[in-house]
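A.B. asks: Sending over a structure as structure tokens; questions will come in a sec.
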Amino acid sequence: MIYQTKAKILSDRIDQAIQELAILQLKNPIHPKQNIEKACTNRPGLYRIHHHDDFMSTGYGNLNSRRARHVRVFKKEGKADVSSNGRSSDSPVASKMYDIDSDINNWHISYQIIDGEINRDVADAVMKRMELIVGKENKPLLCAEHMLGK
């Protein structure tokens, strides 16, 4: 019983620290919107996808690889990208984007970089929380609420 109580206390402290770090990281400047085809940084962070001026989706991870996956699927008319070895790379968001507007020039991305001082394992938890906060506050059209922060 004592172990479970201490574990719960520690877990709550960690969760609170992740929340505080996420709120702090969301204060970082947002890189201005740019065409989604333009390469961005390979650093981890939170991205936002825009259609014209409408905020449509959010996600996290290695920014350039996430952006590139969305673009690859979009350019395949919203269908999964299948490599020569049979591996599939899908993006439900890109499929929905394509259905809304098939002109890639109308889609943009903005992003926030995660502080490089944060350990990568911790950064993953912080980015998930950032996505959850931004998604719940803004309710972007292409985000499934149950998938935010997963």
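The values are calculated or read from the model by the stated rules, or taken from the named source; none is laboratory data. Here the structure is a predicted model, which is why all the values come from computation and not from measurement. Please note: Cβ atoms are built from the backbone with ideal geometry, for glycine as well, and neighbour counts cover all protein chains shown.
A.B. asks: Considering every residue within region 4-16, establish whether at least one is in contact with a helix residue (DSSP H, G or I) (Cβ under 6 Å, 6 or more places away or on another chain) and either closer than 18 Å to Asn119 by Cβ or among the aromatic types (Phe, Trp, Tyr) (or both).
C.D. replies: Scanning region 4-16, I find no residue that is in contact with a helix residue (DSSP H, G or I) (Cβ under 6 Å, 6 or more places away or on another chain) and either closer than 18 Å to Asn119 by Cβ or among the aromatic types (Phe, Trp, Tyr) (or both), so the answer is no.
A.B. asks: For region 121-150, name all the residues that are surrounded by 17 or more Cβ atoms within 10 Å (Cβ to Cβ) and within 11 Å of the chain's Cα centre (by Cα).
C.D. replies: Met127, Lys128, Arg129, Met130, Glu131, Leu132, Val134, Gly135, Cys143, Leu148, Gly149
A.B. asks: For region 1-49, which residues satisfy the criterion of being closer than 21 Å to Asn62 by Cβ and aromatic (Phe, Trp, Tyr)?
C.D. replies: Answer for region 1-49, where residues must be closer than 21 Å to Asn62 by Cβ and aromatic (Phe, Trp, Tyr): just Tyr47.
A.B. asks: Could you go through region 23-44 and let me know if any residue there is surrounded by 12 or more Cβ atoms within 10 Å (Cβ to Cβ), touching a residue at least 60 places away in the same chain (Cβ under 8 Å), among the basic types (Lys, Arg) and within 24 Å of Lys139 (Cβ to Cβ).
C.D. replies: Yes; the residues of region 23-44 include at least one that is surrounded by 12 or more Cβ atoms within 10 Å (Cβ to Cβ), touching a residue at least 60 places away in the same chain (Cβ under 8 Å), among the basic types (Lys, Arg) and within 24 Å of Lys139 (Cβ to Cβ).
Yes/no matrix, rows are residues, columns are (1) exposed (fewer than 10 other Cβ atoms within 10 Å of the Cβ); (2) within 23 Å of Glu145 (Cα to Cα); (3) at pLDDT below 90; (4) within 17 Å of the chain's Cα centre (by Cα):
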{"residue": "Val82", "(1), (2), (3), (4)": "no, no, yes, no"}
{"residue": "Lys96", "(1), (2), (3), (4)": "no, yes, no, yes"}
{"residue": "Asn106", "(1), (2), (3), (4)": "no, no, no, no"}
{"residue": "Ser110", "(1), (2), (3), (4)": "no, yes, no, yes"}
{"residue": "Ile114", "(1), (2), (3), (4)": "no, yes, no, yes"}
{"residue": "Asn119", "(1), (2), (3), (4)": "yes, no, no, no"}
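A.B. asks: Please pick out the residue among Val126, Val73, Val93 that is in contact with a Leu (Cβ under 7 Å, 6 or more places away or on another chain) and either free of Cβ contacts under 8 Å to residues at least 60 places away in the same chain or assigned to a loop (DSSP other than H, G, I, E, B) (or both).
C.D. replies: Val93
A.B. asks: Going through Glu117, Glu131 one at a time, which residue ends up being within 17 Å of Leu46 (Cα to Cα), assigned to a loop (DSSP other than H, G, I, E, B) and either in contact with a Phe, Trp or Tyr (Cβ under 9 Å, 6 or more places away or on another chain) or free of Cβ contacts under 8 Å to residues at least 12 places away in the same chain (or both)?
C.D. replies: Glu117
A.B. asks: Here is a follow-up. Please state which one of Asp53, Asp90 is loosely packed, with under 13 Cβ neighbours inside 10 Å, farther than 28 Å from Asp15 by Cα and in contact with a strand residue (DSSP E or B) (Cβ under 9 Å, 6 or more places away or on another chain).
C.D. replies: Values: Asp90 fails: loosely packed, with under 13 Cβ neighbours inside 10 Å.
The conditions single out Asp53.
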